[in-house]
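Below is one structure, written out as structure tokens, with a few remarks after it.
What follows draws every value from the coordinates through simple rules; no lab data is involved. Only a predicted model underlies this, so the values are computations on that prediction, with no experimental measurement involved. Here Cβ is always computed from backbone atoms with ideal geometry, including for glycine, and neighbour counts include all displayed protein chains.
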Amino acid sequence: MSTLNGKVAVVTGASSGIGHSIAEALLDRGARVFGLCRKIGRIPEAATPVSCDVRDPRRIAHAFEVLKAATPTVDILVNNAGIAYLSSLLKGPVEEWDEMWEVNVRAVALCTKHAIPMMPGEGGRIVNVSSLSGHRVPPTGGFYAPTKFAVKGLTESLRNELKAANLPHQIGSVSPGFVDTPLVNTYFRGREEDLSSLRQKTRMLDPEDIARAVLHILEAPPHVEIGDVVLRSGDQKV
Ligand SMILES: NC(=O)c1ccc[n+]([C@@H]2O[C@H](COP(=O)([O-])OP(=O)(O)OC[C@H]3O[C@@H](n4cnc5c(N)ncnc54)[C@H](OP(=O)(O)O)[C@@H]3O)[C@@H](O)[C@H]2O)c1
């Protein structure tokens, strides 16, 4: 039986792509899953929906009040919700920078801040879904790549604070290259030819590949804290 059986997990962005696959994988392992997102009708059927637009700090606080009423503890938090626009630093638009900052960075910090007091004394686990763009900046990195560098910083910084506070919780991240999800269409909006050329040259990762990496982190023995799993398609060039 998996060590995840009976654990309580919160997955942000469980309505699509990678988050949906992570939620399904956790449910398969016997975890109780809460899916936190806006399109709650799209989360896996066996998961419990928690409606939340993570751009709004008050809605995040309210979502965690809803969670507290449903469960005394949260063993696992997967900060997966994210958005990717190809927004240039020279041209903007600034509204897209704001959205990426609020969803990809601030919401990760806020959901984590709310979840930690709910984690059990023996220790919970947090996994942040970062990106290969949090390790190297591709030519089209724009404002998106810096948000993922920030996720790397948040992950390391929180680990420092947890250890300084003698809290037993562990934090790690996964950093995928291109994954075949709706996010890729948003990222290549207006550059559909580039996307079809990428698809011809590259067999992108599947969301299930990322879910397996997340399980690898979550099922590691208690004395093993996995910092980051970087994964990309074998034929991804940049
Ligand atoms: N696909 C890739 O190539 C790739 C590569 C590296 C890293 N990543 C990262 O993987 C994560 C998941 O992306 P994906 O590819 O699975 O994208 P996706 O299929 O577009 O899913 C994005 C998820 O984020 C949620 N989300 C977005 N804005 C939200 C908001 N304001 N409030 C609440 N939830 C919100 C969406 O839920 P609702 O719309 O229901 O709210 C959705 O469930 C992101 O952090 C992304 O940066 C993706």
| task | Could you order peptides 98-111, 15-28, 191-204 by the average number of other Cβ atoms within 10 Å of their residues, highest first? | result | 15-28, 98-111, 191-204
| How high is the FRET efficiency from Leu195 to Asp56, r the C-beta distance, R0 35 Å, rounded to 0.05? | 0.70
| said: What does the charge count around Ser15 come to, taking other residues whose C-beta lies under 10 Å from its C-beta (Lys +1, Arg +1, Asp -1, Glu -1)? | reply: +3
| query | Hey, with R₀ at 30 Å, roughly what FRET efficiency would Ala164 and Asp28 work out to, going by the Cβ-Cβ distance, to 0.05? | reply | 0.25
| Anisotropy class of region 99-238 from Cα gyration tensor, a/c 1.5 cut | prolate
| field | By average C-beta atoms within 10 angstrom, highest first, the peptides 112-119, 85-92 | value | 112-119, 85-92
| query | Mean residue ellipticity at 222 nm from the helices of the chain, using -39,500 (n - 2.57) per DSSP H segment of n ≥ 4 over the full residue count, to the nearest 500 deg cm²/dmol? | reply | -11500 deg cm²/dmol
| said: Would you calculate the convex hull of the Cα atoms in the chain and tell me its volume per residue in Å³? | reply: 123 Å³
| remark: Cβ-Cβ cut-off under 14 Å around Arg32, Lys and Arg +1, Asp and Glu -1: the net charge is -2
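I need to check one value: relative contact order of region 8-231, counting alpha carbon pairs closer than 8 Å and at least 6 residues apart, in percent.
Value for region 8-231: 20 percent.
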| Roughly how many nanometres apart are two label points built 7 Å out from the Cα toward the Cβ at Asp235 and Thr186? | 2.8 nm
| note | The relative contact order of region 91-166, taking Cα pairs under 8 Å that sit 6 or more residues apart, comes to a percentage of 34 percent
| task | Would you tally the net charge around Gln200, using a Cβ to Cβ cut-off of less than 14 Å, leaving Gln200 out, and scoring K and R as +1, D and E as -1? | result | -1
| message | Restricting to DSSP loop positions (anything but H, G, I, E, B) with no more than 14 other Cβ atoms inside 10 Å of their own Cβ, which GluC sites (Glu not before Pro) remain in region 31-95? | response | Glu45
| query | Using +1 on the beta carbon of Lys and Arg, -1 on that of Asp and Glu, and nothing else charged, what's the dipole of region 8-231 about the Cα centre, debye to 20? | reply | 220 debye
| query | Percent relative contact order of region 1-128, based on C-alpha pairs within less than 8 angstrom and at least six residues apart? | reply | 25 percent
| task | Report the one residue of Asn166, Ser21, Ser88 whose Cα lies farthest in the direction of the positive end of the charge dipole of region 8-231 (charges on C-beta: Lys and Arg +1, Asp and Glu -1; origin at the Cα centre). | result | Ser88
| DSSP beta bridges in region 52-205 [antiparallel fraction, %, rounded to 5] | 10 percent
| query | Roughly speaking, what is the centre-to-centre gap between region 175-210 and region 1-44 when only Cα atoms are used, to the nearest Å? | reply | 23 Å
| message | Under 29 Å between alpha carbons, and skipping anything fewer than 8 positions from Lys237 in its own chain: which lysines qualify? | response | Lys91, Lys148, Lys152, Lys201
| request: Measure off 7 Å from each Cα along the Cα-to-Cβ vector at Glu45 and Ser2, then give the distance between these two points in nanometres to one decimal. | output: 1.9 nm
| Listed peptides 77-84, 145-152, 163-170, 229-236 by packing density, highest first (mean Cβ within 10 Å) | 77-84, 145-152, 229-236, 163-170
